[in-house]
Amino acid sequence: MGVPAIPMCTVAYKELADLTAARDGMPHLREVFTPHPVGGKTSAELAAYLVNPDPVSGIPITKEIVEDLTRPLSADEMKSGTRSIAAGPANYGPASADNLQELFMTNGMTDYLPIVIPTEEKVEAMLKGTSHSPDEVLRTPLQGVGYTSARWGYTVRQVAVNAVMAGCKPEYFPVLLAMASVGTLGLFGSTTSSGSAIVINGPIRDKLNVNYGLGALSPFAHSNATIGRSWTLMGKNLTNGGILGDTYQGSQGNQLDYNNCVIAEDEKNSPWTPLHVQFGYKAEENVVSLFGGPDVRQGAGARGAGAEPAMFDQQISYMCESMVGGSGALAILDPLVAKRLVEQGYESKEKLSEYVYKNTKRAVKDFKESFLAPFHLYPLALEGREPYASWYKLPDDAIIPFFPSPKQINFVVCGGQANAFFQVANMNHFRSESIDKWM
């Protein structure tokens with residue numbers, strides 16, 4: 001656009017920065033790198049970075065920025081082009097089951113567990129699970145939101161290949177297509193090692209035998225396990241979001257990424273409106289909702305026999321205050337917990353969300369110093385986005401809500417009613433999508 005600019009990031013992302021610039025046709029782009037990390041550093045420590053040398057070039061960072069912005073471009077720097085990616089071995093020997101497993105695994109196309117080999121016959125059988133054309137494009141390159149994983153496009157057939165690999169049945173396929181149509185697939189690029197939750201609502205839960213009773217979040221249903229696994233495989237194979245050290249920079253990774261957290265809401269035993277109806281869908285519609293964030297944590301159960309009933313609203317609020325700021329909350333309640341909350345006066349999820357919103361507070365100073373605030377929330381405040389713009393204008397000792405809105409606090413009901421337990425996921429709602437349109 002004719003405006004000189006220099007990208008600057010930490011040295012941990014040098015390879016990613018180089019590859020991204022090359023993919024965008026700027027293989028000789030000038031870049032400036034700071035030491036790593038910047039998260040958790042004080043203002044004084046960050047200021048010191050600017051006067052110390054760039055760990056790559058050895059030039060003091062401030063001096064390097066000025067020189068890069070003012071020095072004329074060299075002949076090489078004016079060249080455009082992309083960097084090619086070397087292909088893997090051309091031959092893995094005879095087409096045996098073991099050799100095919102090795103082919104997929106060494107090319108980074110699996111979760112390093114055995115897959116179902118996607119033969120033409122199996123893929124064609126999977127495609128019969130939908131009325132849509134195999135060549136229909138779900139997403140085009142650069143379409144969608146989120147990280148650079150949105151750069152790749154994919155078709156119905158390509159989703160079918162990954163569904164087969166994950167072990168899905170053809171009747172699960174519409175759920176997977178609805179998930180894939182969202183655009184930003186599993187495996188996020190953030191250093192926070194985020195995971196995903198997949199919430200399924202509607203009559204299809206029983207049709208597919210999705211488990212929402214005893215052991216609902218454990219490996220006791222083929223549908224739960226393989227639908228969740230497909231989300232990870234699609235993230236590795238249909239986008240470039242799962243390339244370790246390149247587009248995936250999760251510092252410690254997340255065990256949820258193996259097959260994610262698949263939740264079918266127990267609409268029969270829930271005293272509340274189902275999640276998809278809250279999001280504007282009809283009760284008889286089949287809907288999948290995607291959530292993402294750092295973790296899922298176990299809540300406290302009911303008190304022992306003879307004691308006063310547990311005040312679950314207070315426990316949920318307490319857990320929410322320890323979450324990563326900027327992320328929402330998805331509370332997963334056993335029906336026993338939900339029914340007890342109704343007895344305590346929470347006749348709707350909205351009323352409970354409002355309670356948690358009003359009873360999770362922190363000082364403005366703590367908000368400003370929270371993990372994500374400097375990188376994600378302060379820029380929103382500068383854009384005038386509320387409530388962040390108003391929050392940053394308040395004195396440090398002012399008290400503000402932990403969540404920007406009650407709508408960031410969601411509840412789903414599932415579990416076997418063996419005990420009054422709940423779990424809270426530190427996750428935002430990304431998007432919900434109709435499953436019916438993909439049948």
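Could you tell me whether any residue of the range 83-99 is at pLDDT 80 or above, in a helix (DSSP H, G or I), closer than 20 Å to Met234 by Cβ and out of contact with any Gly (no Cβ under 8 Å at 6 or more places or on another chain)? For the range 83-99, residues at pLDDT 80 or above, in a helix (DSSP H, G or I), closer than 20 Å to Met234 by Cβ and out of contact with any Gly (no Cβ under 8 Å at 6 or more places or on another chain): absent.
Applying the set (1) at pLDDT below 90; (2) within 18 Å of Ser322 (Cβ to Cβ); (3) among the hydrophobic types (A, V, I, L, M, F, W, C) to Phe402 leaves exactly one unmet item: (1). State whether one or more residues within the range 151-161 are over 20 Å from the mean Cα position of the chain (by Cα), assigned to a helix (DSSP H, G or I), at pLDDT 95 or above and among the charged types (D, E, K, R). For the range 151-161, residues over 20 Å from the mean Cα position of the chain (by Cα), assigned to a helix (DSSP H, G or I), at pLDDT 95 or above and among the charged types (D, E, K, R): present. For Ser370, the criteria (1) in the same structural domain as Phe188 (by TED's automatic domain parsing); (2) polar (S, T, N, Q); (3) surrounded by 12 or more Cβ atoms within 10 Å (Cβ to Cβ); (4) not in a strand (DSSP E or B) hold in every case but one, which is (1).
Specify the residue that is farthest from Arg157 (Cα to Cα); the eligible residues are those in the range 230-261 that are β-branched (Val, Ile, Thr) and surrounded by fewer than 23 Cβ atoms within 10 Å (Cβ to Cβ).
Filtering the range 230-261 for residues that are β-branched (Val, Ile, Thr) and surrounded by fewer than 23 Cβ atoms within 10 Å (Cβ to Cβ), the one farthest from Arg157 (Cα to Cα) comes out as Thr247.
Could you check, for the range 202-220, whether at least one of its residues is in contact with a helix residue (DSSP H, G or I) (Cβ under 8 Å, 6 or more places away or on another chain), closer than 27 Å to Gly153 by Cα and assigned by TED's automatic domain parsing to the domain that holds Gln408? Looking for residues that are in contact with a helix residue (DSSP H, G or I) (Cβ under 8 Å, 6 or more places away or on another chain), closer than 27 Å to Gly153 by Cα and assigned by TED's automatic domain parsing to the domain that holds Gln408, one finds none in the range 202-220, hence no. Looking across the range 375-399, the residues that are part of a loop (DSSP other than H, G, I, E, B) and either at pLDDT 95 or above or not small (Gly, Ala, Ser) (or both) come down to Glu383, Arg385, Glu386, Pro387, Tyr392, Lys393, Leu394, Pro395, Asp396, Asp397, Ala398.
Determine whether the range 394-408 contains at least one residue that is on the phi < 0 side of the Ramachandran plot, hydroxyl-bearing (Ser, Thr, Tyr) and surrounded by 14 or more Cβ atoms within 10 Å (Cβ to Cβ).
No - not one qualifying residue is present in the range 394-408.
Residue-wise test of (1) aliphatic (A, V, I, L, M); (2) touching a Lys or Arg at 6+ places or on another chain (Cβ under 8 Å); (3) farther than 25 Å from Pro294 by Cβ; (4) modelled with pLDDT of 95 or more.
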| residue | (1), (2), (3), (4) |
| --- | --- |
| Arg340 | no, no, yes, no |
| Gly345 | no, yes, yes, no |
| Lys351 | no, no, yes, yes |
| Ala373 | yes, no, no, no |
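Scanning the range 262-276 for residues that are surrounded by fewer than 22 Cβ atoms within 10 Å (Cβ to Cβ) and touching a residue at least 24 places away in the same chain (Cβ under 8 Å) yields Asn269, Ser270, Pro271, Thr273, Pro274.
For the range 12-35, taking the residues that are at pLDDT 80 or above and among the β-branched types (Val, Ile, Thr), the one that is farthest from Asp76 (Cα to Cα) is identified as Thr34.
Evaluation of Phe375 against the conditions (1) under 30 Å from Ala420 (Cβ atoms); (2) surrounded by fewer than 16 Cβ atoms within 10 Å (Cβ to Cβ) shows that the sole unmet condition is (1). Within this structure, Val38 passes the test of being modelled with pLDDT under 85, outside any helix (DSSP H, G or I), among the hydrophobic types (A, V, I, L, M, F, W, C) and surrounded by 12 or more Cβ atoms within 10 Å (Cβ to Cβ). Only one of the numbered conditions (1) part of a loop (DSSP other than H, G, I, E, B); (2) over 26 Å from Pro294 (Cα atoms) is violated by Phe403, and that is (2).
The values are calculated or read from the model by the stated rules, or taken from the named source; none is laboratory data. Just so you know, these numbers come straight off a predicted model, no measurement behind them. Counting neighbours? That spans all protein chains shown, and the Cβs are built from the backbone with ideal geometry, glycine included.
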